[in-house]
1. List the pairs whose first member sits in region 1-22 and is over 14 Å from Ala93 (Cβ atoms) and open to solvent by 100 Å² or more (accessible area, probe 1.4 Å), whose second member is modelled with pLDDT under 95 and of a type in the set (A, V, I, L, M), and whose Cβ atoms are under 7 Å apart, counting only residues at least 6 apart or on separate chains?
2. On the given criteria, is Ile77 of a type outside the set (Ser, Thr, Tyr), outside any loop (DSSP other than H, G, I, E, B) and in contact with a Ser or Thr (Cβ under 8 Å, 6 or more places away or on another chain)?
3. When residues of region 89-108 are filtered for being under 21 Å from Gly67 (Cβ atoms), surrounded by 15 or more Cβ atoms within 10 Å (Cβ to Cβ) and either more than 16 Å from the chain's Cα centre (by Cα) or not polar (S, T, N, Q) (or both), how many remain?
4. I want to confirm something. Restricting to region 92-128 and keeping residues that are outside any loop (DSSP other than H, G, I, E, B) and touching a helix residue (DSSP H, G or I) at 6+ places or on another chain (Cβ under 6 Å), which single residue is modelled with the highest pLDDT?
5. Looking at region 69-83, which of its residues are open to solvent by 40 Å² or more (accessible area, probe 1.4 Å) and farther than 17 Å from Gln40 by Cα?
6. Which number in (1) under 25 Å from Glu15 (Cα atoms); (2) touching a Lys or Arg at 6+ places or on another chain (Cβ under 9 Å); (3) in a loop (DSSP other than H, G, I, E, B); (4) not hydrophobic (A, V, I, L, M, F, W, C) marks the one condition that Pro142 misses?
7. Mind checking which residues of region 19-45 are assigned to a loop (DSSP other than H, G, I, E, B) and either more than 16 Å from Cys81 (Cβ to Cβ) or of a type in the set (Lys, Arg) (or both)?
Amino acid sequence: MSVYDFTVKDINGQEVSLAKYQGKVLLIVNTATRCGFTPQYQGLEALYEKYQAKGLEILDFPCNQFGGQAPEDEEGIKSFCQLNYQVRFPQFAKICVNGKDADPLYEYLKKEKSGLLGGAIKWNFTKFLIDKNGEVVARYAPTDKPEDLAAAIEKLL
């Protein structure tokens, strides 16, 4: 099993098979628009600009489970990210990352790299780095800045 076995909804409600990203390095991030870490969108976009042509895709999964910090609907999230951070990387529908309603992709990611809290996602902007074979190779905390992941991304590219 790999991340390529999952299908998710994009921010416009369309089904997307993650198999479309085969052969790419992925950074999967649960985000929020009203969080202290929200400025990390700027660092994520900078990584995307620098490495997208070399095979990096950043997959943005908004989540409202942590302090209600992503209160907008998908259209509001998309508008906020484009207006404030000029986000160009793929954005997906708002999901749950913990609990009984957790998205199956996130259940898989947590199982592969459990991290702290028995695998639960601690907060917004937890990041998972996926290699070109769809294997989860690293998990980063919300406090890990996107720019600090550049060396690990370069190594996988």
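1. Nothing qualifies.
2. For Ile77, the condition - of a type outside the set (Ser, Thr, Tyr), outside any loop (DSSP other than H, G, I, E, B) and in contact with a Ser or Thr (Cβ under 8 Å, 6 or more places away or on another chain) - is met.
3. Number satisfying all stated conditions: 9.
4. It comes out as Phe128.
5. Within region 69-83, Pro71, Asp73, Glu74, Glu75 meet the criteria.
6. (1)
7. Listed by number, the residues that qualify are Gln22, Gly23, Lys24, Arg34, Gly36.
Condition check ((1) within 23 Å of Lys50 (Cβ to Cβ); (2) among the small types (Gly, Ala, Ser); (3) free of Cβ contacts under 8 Å to residues at least 40 places away in the same chain) across all residues:
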{"site": "Lys100", "(1), (2), (3)": "no, no, yes"}
{"site": "Glu107", "(1), (2), (3)": "no, no, yes"}
{"site": "Ile121", "(1), (2), (3)": "no, no, no"}
{"site": "Ile130", "(1), (2), (3)": "yes, no, no"}
{"site": "Asn133", "(1), (2), (3)": "yes, no, no"}
{"site": "Ala138", "(1), (2), (3)": "yes, yes, yes"}
{"site": "Glu147", "(1), (2), (3)": "yes, no, no"}
{"site": "Ala150", "(1), (2), (3)": "yes, yes, no"}
{"site": "Lys155", "(1), (2), (3)": "yes, no, yes"}
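The values are calculated or read from the model by the stated rules, or taken from the named source; none is laboratory data. Bear in mind that the values here come from a model prediction, so they are computed numbers and not experimental data. Positions of Cβ are generated from backbone atoms using ideal geometry, with glycine treated the same way; all protein chains shown enter the neighbour counts. Quick note on the areas: whole protein, heavy atoms, side chains included, nothing else; ligands and nucleic acids left out. Shrake-Rupley method; radii C 1.70, N 1.55, O 1.52, S 1.80 Å.
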